[in-house]
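Only the coordinates and a few stated rules stand behind these numbers; no lab work does. Computed from a predicted structure; not experimentally measured. FYI the Cβ positions are ideal-geometry reconstructions off the backbone, even for glycines, and counts take in every protein chain you see.
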Amino acid sequence: MFYVYPLKSLTSPNNYYVGLTVDLEKHLSEHNSGKLIHTNKFRPWEIVTYTAFKDKSKAEKFELYLKSSSGRAFSKKRF
């Protein structure tokens, strides 16, 4: 399974990050430990929600959508 997930910073609530992984727990741990350069400034993070996909290409398309301006608006309204 492929998981698309938005993260919310607990120290800076206006900061969000959207990612894609096959192992949610491991990846969240890496975000919170500072191993990932894109998220180490605003840690700790919490997962807001996640969506599971069997098809990697659909997961990648959904991740790109959530990173777009309309996808960010969707996320704020629905998540």
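Under 5 Å between amide hydrogens, built in the peptide plane, is the criterion, and for VAL18 it picks out LEU7 among residues at least 5 positions away or on other chains. Per residue, the average separation of C-alpha pairs within less than 8 Å and at least 6 apart gives the chain a relative contact order of 36 percent. Among residues other than TYR17 with Cβ under 15 Å from its Cβ, the summed charge is +4 (Lys and Arg +1, Asp and Glu -1).
In terms of its alpha-carbon gyration tensor, the chain comes out oblate; a/c meets the 1.5 threshold, while b/c is at least as large as a/b.
Remark: the range 33-49, residue by residue, has Karplus-estimated 3J(HN,Hα) of 8, x, 5, 9, 4, 6, 10, 6, 6, 10, 6, x, 10, 10, 7, 6, 6 Hz, where x stands for each Gly or Pro and the curve is 6.51 cos²θ - 1.76 cosθ + 1.60 at θ = phi - 60°. So how far, in whole Å, is the C-alpha centre of the range 52-79 from the one of the range 1-43? Value for the Cα centre distance between the two parts: 15 Å.
Each of LYS8, LYS77 has some number of other Cβ atoms within 10 Å of its Cβ, and from fewest to most they run LYS77, LYS8.
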